[in-house]
1. Here are some residues: Gly124, Gly117. Which one is at pLDDT below 95, touching a Lys or Arg at 6+ places or on another chain (Cβ under 8 Å) and small (Gly, Ala, Ser)?
2. Looking only at residues that are in contact with a helix residue (DSSP H, G or I) (Cβ under 7 Å, 6 or more places away or on another chain) and not in a helix (DSSP H, G or I) in region 109-159, which one is farthest from Thr225 (Cα to Cα)?
3. Does Thr258 meet the test of being of a type in the set (Ser, Thr, Tyr), out of contact with any strand residue (DSSP E or B) (no Cβ under 6 Å at 6 or more places or on another chain), more than 30 Å from Gln95 (Cα to Cα) and part of a helix (DSSP H, G or I)?
4. Which residues, taken from region 63-77, are of a type outside the set (Gly, Ala, Ser), exposed (fewer than 14 other Cβ atoms within 10 Å of the Cβ) and over 11 Å from Val251 (Cβ atoms)?
5. In region 88-108, what residues are surrounded by 13 or more Cβ atoms within 10 Å (Cβ to Cβ) and outside any helix (DSSP H, G or I)?
6. Return the total of residues in region 78-98 being farther than 18 Å from Ser190 by Cα and of a type outside the set (S, T, N, Q).
7. How many residues are surrounded by 13 or more Cβ atoms within 10 Å (Cβ to Cβ) and under 17 Å from the mean Cα position of the chain (by Cα) when one looks only at region 130-171?
Amino acid sequence: MLFLLFFAVFLVLWGVLYAALPVLRHAGGRAAHAAAALSMRYPHVKRLAAHAGRFRDYLPVALILAVGAVLTAWTGDGFLDIAELVHAKSPLLQQMDANVHAWAASRRSADATLFFGLMSTLGGPGGVAAILGLVGVALVVARRWRWLVYLAVTAGGGGLLDLELKRYFARARPELAEALRQAHGYSFPSGHAMGSTVAFFALSYLAFRFFTAWRWKAASLALATTFVLSVALSRVYLGVHWISDVGAGIVAGLLWVTATTVAYETSRRVRLLRALRAKRS
């Protein structure tokens with residue numbers, strides 16, 4: 001049943017993203033057209049545009065940095081909100097964690113354990129390393145060295161960040177006597193949730209770069225989202241993490257993968273613009 005639900009969620013997300021992504025791209029184009037029309041209508045804006053003409057090619061780069069800054073600030077604020085509640089040992093958060101933990105334990109079944117056990121394995125250090133290793137070999141064969149470095153820095157840096165966050169907060173796990181899996185180390189944030197978020201969304205970015213058709217771009221993002229949610233919920237179902245642990249893991253993972261992806265995409269576009277300018281001259 002849960003395998004069918006996984007597939008259904010993926011299909012729904014795929015359909016939504018397939019419809020939304022071209023609309024967002026079209027909206028960006030309309031905004032750029034409106035800005036150009038504005039510069040022609042008002043003399044002072046036109047003069048400013050003329051003075052900034054040599055930087056016009058870098059406007060998409062500036063837009064990427066602006067969007068990246070907003071997303072980074074948003075995810076960072078979300079993580080800090082959860083972290084403050086954990087650090088302060090908020091009674092409301094502890095009660096919510098306990099209620100969700102008890103509810104998940106009461107809904108256990110053989111089929112659910114099979115599904116969530118598989119998701120936990122795929123989203124664990126071994127599963128993620130195997131997936132990234134296979135992709136890494138493919139990138140080496142294709143001589144996509146920059147993609148390989150991006151993936152290594154993103155995944156490796158995310159793992160180190162998770163270790164430091166766990167060490168800093170040193171939060172105890174739920175009572176493991178009732179857990180369906182063994183777990184070691186501290187609980188906050190969830191390494192499975194953070195690691196799968198970083199890995200799957202980094203792979204989704206590479207899929208965006210690789211595929212030209214919007215349906216496959218949307219499919220890659222939908223699949224990454226479905227996997228991350230399944231992995232995160234598996235850790236709560238198996239009884240080795242609180243719900244706030246996995247929520248913080250997803251948010252921290254999004255923060256890191258956004259920062260590295262924006263940095264890589266910015267450097268890539270700047271490099272292409274400089275090569276184009278050199279070719280023109």
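The values are calculated or read from the model by the stated rules, or taken from the named source; none is laboratory data. Values in this document were obtained by computation on a predicted structure and should not be read as measured data. For neighbour counting, all protein chains shown are included, and Cβ atoms are generated from backbone atoms with ideal geometry for every residue, glycine included.
1. Working: Gly124 fails: touching a Lys or Arg at 6+ places or on another chain (Cβ under 8 Å).
Result: Gly117 is the single residue among Gly124, Gly117 that is at pLDDT below 95, touching a Lys or Arg at 6+ places or on another chain (Cβ under 8 Å) and small (Gly, Ala, Ser).
2. My answer is Gly124.
3. yes
4. Leu63, Val67, Val70
5. If the condition is that a residue be surrounded by 13 or more Cβ atoms within 10 Å (Cβ to Cβ) and outside any helix (DSSP H, G or I), then Ser90, Arg108 are the ones that fit.
6. Looking only at that region, the number is 3.
7. 14
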